[in-house]
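To keep things clear, I will list the structure first and then write my remarks on it.
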Amino acid sequence: MFQTLKKAWGVPEIRKKLLYTLLMIVIFRLGSAITVPFLDSEVVRDWMDDSAKDGNFLEYLDILTGGALSKATIFSLSITPFINASIIMQLLTFALPPLERLRDEGEEGRKKIDKITGFVALVLAFFMAYAYYLTLKRQTTAIKYTSGGEGVFCAAVIILSFVAGASFVVWMGNRISDKGIGNGVSILLFAGIAARFPTDAGLLINLTKQTPEKYLFVSLGYLVFILFEIAFIVFMNEAERRIPIQYAKRVVGRKQYGGQKSHIPIKVCMSGVMPIIFAMSFMALPQTIQLFKGTPETDSGFYYHFCKFFNRTSWSYAILYFLLIIAFNYFYVSIQYNPVEIANNLRQSNGGIPGIRPGKPTSDYIQRVLNKISLVGAFFLGVIAIIPIFIAMADKSLETLSMGGTTILIAVSVALETTRTLESHLMMRHHKGFLQ
């Protein structure tokens, strides 16, 4: 990766793209430090320290925004409305026939779907901004004016600031995709997650200074574990199952066509982090209910056992979280891959799998391979996702660490995707073409 960056920096055109991407990241981080008017950032930070924990929805959003949510900045929503809108549209594309027809129209259909996604993201941004404003109004004293005409004006400024910040972040992501390197939204998501890593490093350093006889070895072991986790994620991201394909030979006149051998690559982690996001959103609902309703007053009753069952540091939470990731992984793979369509395309192109008859036997064989690969990928995602839970079980002082599990998976995936983009630019740059 470092060799690729070094070579890319030596090419003027690619260097301009890299500098443009870095400029957008710097603007993104500056916006994450500008506080919204009429909000007391200190009060918001203290409230978030007490509320955004135990894996609830606030902690999940704060990690994705790089800590901007807990600082009450204009980029508090970051790209979360756009991510949620993209997930919703991706699911609806497979459920609604009009969207499915737009998807099949090619580039023009994709542009229309992107416009609809942008509109849905704007609606979600207004909803999330209003919900965050109401939460701050009910739970804290961070808002300067809450009643009368001044309160209405204050609410409008706060909500519009959150929405404008989210819209500007999406605009920056689109500019990176057009004029920079890689997928802009993924790059900004990576920048937000990476901004939390120094905080985690500071926590480990402080614990080591306070209790060196215990946390010195814990910090070193955690660092070694993170390096091993990164290597494992890279290996699993690149792993794939190749189904061999043999194309039939055709003789036209004196020439022979076809007869080539190829393969269908099926990645082990074809669904990415989507199953984890789905499962995390589902598991965050009980903690969010507890956030508004409060902790149980007694050690008995349904509400007490409900909160205990969904406690992030409990075995029941870890097991249910793991099972949900497996279920959502199978669901996501099923809407991405259609074995019947793949089998029909193979038959139309005079191709087939050696030893497997065309038609239904081919689709059944592809489905069996997908089931096995999906199980391996689901177990991998489940293990990566529950690692922070076991770390929190082992030591309460480490439960606020965000450097691990899903965040590392997202960061490594974005880094690999960006590296592949740089390699493709370098390949096009050094390709001689047919005129030379």
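The values are calculated or read from the model by the stated rules, or taken from the named source; none is laboratory data. Keep in mind it's a predicted model, so treat the numbers as computed, not measured. Backbone-built Cβ (ideal geometry, glycine too); neighbour counts: all protein chains shown.
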Query raised in the report: Applying the selection to the stretch 236-288, what residues are modelled with pLDDT of 80 or more, farther than 24 Å from SER374 by Cβ and assigned to a loop (DSSP other than H, G, I, E, B)?
Result: none
Requested in this report: Select, from ILE319, ILE325, the only residue that is within 20 Å of the chain's Cα centre (by Cα) and over 17 Å from ILE266 (Cβ atoms).
Outcome: ILE325
Query - Which listed residue is more than 22 Å from GLN336 (Cβ to Cβ) and either hydroxyl-bearing (Ser, Thr, Tyr) or buried (at least 20 other Cβ atoms within 10 Å of the Cβ) (or both), from GLY377, GLY355, GLY382, GLY405 - result: GLY405
Requested in this report: Check whether at least one residue in the stretch 41-63 is modelled with pLDDT under 85, more than 30 Å from SER314 (Cβ to Cβ) and in contact with a strand residue (DSSP E or B) (Cβ under 8 Å, 6 or more places away or on another chain), and report yes or no.
Outcome: yes
Report task. Determine whether the stretch 125-146 contains at least one residue that is surrounded by fewer than 19 Cβ atoms within 10 Å (Cβ to Cβ), touching a residue at least 12 places away in the same chain (Cβ under 8 Å) and more than 21 Å from TRP47 (Cβ to Cβ). Result -> yes
Query raised in the report: Within the stretch 378-386, is there a residue that is in contact with a Phe, Trp or Tyr (Cβ under 7 Å, 6 or more places away or on another chain), closer than 30 Å to LEU5 by Cβ and at pLDDT 80 or above?
Result: yes
Report task. Would you be able to say whether some residue in the stretch 109-123 is among the basic types (Lys, Arg) and touching a residue at least 60 places away in the same chain (Cβ under 8 Å)? Result -> no
Query raised in the report: Any chance the stretch 329-346 includes a residue that's within 27 Å of LEU227 (Cβ to Cβ), out of contact with any Cys (no Cβ under 7 Å at 6 or more places or on another chain), modelled with pLDDT of 85 or more and part of a helix (DSSP H, G or I)?
Result: yes
Query raised in the report: Hey, does the stretch 226-235 have a residue that's assigned to a loop (DSSP other than H, G, I, E, B) and modelled with pLDDT of 80 or more?
Result: no
